[in-house]
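What follows draws every value from the coordinates through simple rules; no lab data is involved. A quick note: this is a predicted structure, and the numbers were derived from the prediction, not measured. As a convention, Cβ positions derive from the backbone with ideal geometry for all residues, glycine included, and neighbour counts pool all protein chains shown.
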Amino acid sequence: MLARKRGFTLVELLVVIAIIGVLVGLLLPAVQSAREAARRMQCSNNLKQLALAVHNYADAHRTTPYGSLNWVNANGRFGCNPEWPYLLHYLLPFMEQRQYHDLLPWLDRRNTICPWTADGLRAFPPSIHNMSISAWLCPSDTQFGGSLPNGQSYGGLNGVKPASTGAAGPILAVSNYLGVFSGLNDGETTSEPAGRKGAFRMNTARRFAEFTDGTSNTIILVEYLQGYSTDGRGYIYTNRASSQYIHATNTPNSSNPENLLAHFRWCGAGSPGNQPRQNLPCIADGNSDRNFASARSRHTGGVQVASGDGSVRFASNGIDLITWRNLHWLDDGAVIGDW
């Protein structure tokens, strides 16, 4: 007599499925952790390359690059004269991006082109519209994705943003890495109070000899977030807090809101505005001298920073505020301990 074949019962099948579900639940965090570790390593490498580019620039020019070029016009006011060339622009030839550098319409200080105008659309060649620079992007931010109810995405548009919300203006590269500027707000960026000088400044380069606290004790570049597809965060073609300027006002990833311009491209009406759940808290302020932005990232527990000696370190969210500020200022004379 043939033996009867016995299959799985429903209970046994459910038990197997439950076991597989538990195993997946245990493995998924490990896989996600491994992926974030790889993204963080790539991010660290990007910062390292930027820091080395600063040194290569200094070897060639005897100074660091301008933090931001902003020519004051005859009326003593800032404007598109130009105000847009940022330190990352000057580093492009030292990062195998000379072609991109040479295509930008900033050959001298007399250029008066604003990126968001029709002239800007023509002046920025079509070949660089929608072109991102991978070395400027942290993969932990670009992969984050998501959107607001009105459809605005955050994490940028594949590393680029439009110069305006209308048809005028090109769509240009954004960056997760911004330079450290003087003081605690945009007003102090230009006035440079004693003891609060940052690694980069407007219209003038620095020499490493000015880093009297020591290059290893001075942060020159930090991480920041791209923000939403239509806001100014990370959009390096305008000289505002969160676009070009970073200050030591808050510790990394602080829950304290940043003070950003009351404009639809930053934190004003029509902008994505204050989004603390996405690590993008802000308040709108019409007085731009009070605007400030500080280091932020998608990494758990802190941000990565590059020091003047070219090293890259991880700064914890819990770093002491005084120590954090001392690290941003190159000649305050403070003694830096372990951090």
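Does the range 281-339 classify as rounded, prolate or oblate by the C-alpha gyration tensor (a ≥ b ≥ c root eigenvalues; a/c under 1.5 gives rounded; else a/b over b/c gives prolate, otherwise oblate)?
oblate
Roughly what percent of Cα-Cα pairs across the range 33-328 reach past 31 Å?
20
Using modelled backbone amide H atoms (1.01 Å from N, in-plane), which distant-in-sequence or interchain residues come within less than 5 Å of Glu258's amide H?
It is Cys282, Ile283, by chain and number.
Over all alpha-carbon pairs in the range 178-223, figure out the percentage whose distance exceeds 13 Å.
Roughly 54 percent, rounded to a whole number.
Eigenvalues of the Cα gyration tensor times 5, then square-rooted: what semi-axes does that give for the range 215-273, in whole angstrom, largest first?
22, 13, 9
Can you classify the range 247-316 as rounded, prolate or oblate using the Cα gyration tensor, where a ≥ b ≥ c are the square roots of its eigenvalues, rounded means a/c under 1.5, and otherwise it's prolate if a/b beats b/c and oblate if not?
Because a/c hits 1.5 or more and a/b exceeds b/c, the range 247-316 counts as prolate.
Under a plain spin-label model, where a point goes 7 Å from the Cα along Cα-to-Cβ, how far apart in nm are Thr212 and Glu96?
4.1
From the Cα gyration tensor of the range 156-313, with a ≥ b ≥ c the square roots of its eigenvalues, which class applies: rounded if a/c is under 1.5, or else prolate if a/b is larger than b/c, or else oblate?
Judged from the Cα gyration tensor, the range 156-313 comes out prolate (a/c at least 1.5, a/b above b/c).
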